[in-house]
1. Enumerate the calculated ³J(HN,Hα) couplings along segment 433-446 in order (Karplus 6.51 cos²θ - 1.76 cosθ + 1.60, θ = phi - 60°), each rounded to whole Hz, writing x wherever the residue is Gly or Pro.
2. Short version: ³J(HN,Hα) in whole Hz for each residue of segment 261-272, in order, from phi by Karplus 6.51 cos²θ - 1.76 cosθ + 1.60 (θ = phi - 60°), x for Gly and Pro, what are they?
3. Cβ neighbours within 10 Å, averaged per peptide: list 269-278, 179-188, 283-292 in order, most packed at the top.
4. Using Cα centres only, tell me the gap between segment 111-157 and segment 173-206 in whole Å.
5. Amide H neighbours of THR472 under 5 Å, counting only residues 5+ apart in sequence or on other chains, H built in-plane at 1.01 Å?
6. Just need the relative contact order of segment 440-526 here, percent rounded to a whole number, with Cα pairs under 8 Å and 6+ apart.
7. Remind me, what semi-axes does segment 103-190 give for its equivalent ellipsoid, largest first in whole Å, using sqrt of 5 times each Cα gyration tensor eigenvalue?
8. How much of the accessible area of segment 287-418, in percent, comes from carbon and sulfur atoms when a 1.4 Å probe is used?
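The values are calculated or read from the model by the stated rules, or taken from the named source; none is laboratory data. None of the values given here were measured: they were computed from a predicted structure. Using ideal geometry, Cβ is built from the backbone for each residue, glycine included, and neighbour counts are taken over all protein chains shown. In case anyone asks, the SASA skips ligands and DNA or RNA and just uses the protein heavy atoms, side chains included. Shrake-Rupley method; radii C 1.70, N 1.55, O 1.52, S 1.80 Å.
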Amino acid sequence: MAQRPAVSQPDDDAARVLDGGFWLVVAMAAACGVLVLATIARGVLAPGAASPQAAAPSAPPLDAASFLYPTPRSAPPIELTDPDAKAFTLGSTRGAPVLVFFGYTHCPDVCPATIGTMGLAMDAFGTGVRAVFVTVDPERDTTTWLKEYVRFLPAGFTALTGTDAEIRTTADAWGVRYARVETGVPGAYSMSHSAEVYLVDADGVLRARFPFGTEAEAMTAVLRKVVATTLPVAAATAPPTSSTPPAASAAPVGAMDVAVVSSAVWARSPGPVILTLSAAGSPLNDPALHPTVQLEGPSGDAVGGPVVATPVQPPGVDTVSYVASVAIPASGDWRIEVAATREGTAFAGSAAVTALDPGTTAPLGGPAPGVRTPTLDDVGGNARAVTTDPAPDLRLSQRSTADALAAGQAFVLVIDSTKFRVSPACGRAIVMARYLVDRWRDVGFIHLEPYRYSVVTDTPVLDGSLDNPTLTEPAAAWGIGGAPWGTRSMPWVFVVDGHGIVRAKYQGVMGSADVDVIVSLIEQGG
């Protein structure tokens, strides 16, 4: 890929290059659409619509703690300019929890979707929570432009801009990555950027991070948990000394904080567990570090032997992740003990892991199904016959999985539908793929519609109903329709290496950082 940050997506459709006023209308309309979709996700369903809870019957219940930083730390500073051209500092929000999001106003879908979700979470929480939107596109997002834009944002939002240098410094301090993406049309650029939402508590302590696609209910639950357990004020007053904020309280020498950042960990077959490590409040971003990981059962007994984790640092990313291939015998709750030695100092830490039942899905470590996914060439170039996305990225329909397997090309298969939404997460994996296809140009990104449908006067019409959709033959070949998941557990993503082996898989809401790390691991020969 053009080496770029990891989560969001550029707008590749030149037809979207419109005048600024129309873009504002489009962005706000998209945000309103997200609010409607999110309302449906919360249970206000249209007549005949299926309950989204049935989409993944075996998914574990929400664990609000999974979004929390293991070591809370002072939030990095934000010192920028508001739409009234007045100086703004994050410190001015003390006394209330704050959601922080970096994006840009011309974003066609990721930013409106995220802002809409944040607004729903704030409404559900009630009064007393604020939100800060920091642009990564100061060239277009001027104070004059933002003054119009904020009129359409949910209540409680503050939009901020600044100079190029101020925005870059602020984003770097928060670990936010962004880059300008040229479209080939003068002035018609877009931005790729990280799409996490951060939660800062009333005392200025950075407490939680929500990956792109996190639902409003999860944000609200974490907000309530954080407000109920706000740390002492002293924890928020330590000034940051680097791009990574210091810990709210120093950990004992030798102690190590272990965070499992994988969106999904699977039982039965050895599969990747992605970790980040920190000690004394500082990340252990060491590409030469090879920690050992030991799986433990509920009683604390070791299960199997220790495995060595591989350090992975995707291009353009500051964080080093450590990927361990762990064989977890059965689904349920487990624990891992992690040990590492750095510069003569031994560190140890542990973390809880919840393993999911893979059911009949293509097993990790096994060969990818050889079934052919349909391409544009197969349907005479009729995009509607292979995708229900109203504004599709046709690069995702150029190649079949069978072609990639025959060529020995690593690929990422995205099984998702924009039109036929059987869960609140539907369509989000496609958005993620649009960004990653630019990031990893030597890797195939392939979209597969999961359900059979017909095209009637240019409109996709589902064969059957959303209550009981029928999988296409290629989707069924990947095993996603079997127990315990069923045909309505969308979306799914499978990562396959150049040898045709399934290396990772994800279901439902997932982070693009997961795919980024696994693809980077494959590309570096791991």
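1. 5, 4, 6, 5, 5, 7, 6, 10, 6, 8, 10, x, 10, 10
2. Residue by residue, segment 261-272 yields 9, 5, 5, 8, 10, 10, 8, 5, 9, x, x, x Hz.
3. On the way: 269-278: 22.1, 179-188: 12.5, 283-292: 15.8.
Sorting 269-278, 179-188, 283-292 by mean packing, highest first, produces 269-278, 283-292, 179-188.
4. Each part reduced to its Cα centre gives a spacing of 14 Å.
5. Excluding prolines and chain starts, which carry no amide H, the hits are TYR451, ARG452.
6. On the way: 78 pairs, mean separation 13.8, N = 87.
Computed value for segment 440-526: 16 percent relative contact order.
7. Numbers: eigenvalues 115, 44, 33 Å².
Values for segment 103-190, descending: 24, 15, 13 Å.
8. Details: 2900 of 5540 Å².
Looking at segment 287-418 in its full context, I get 52 percent from C and S.
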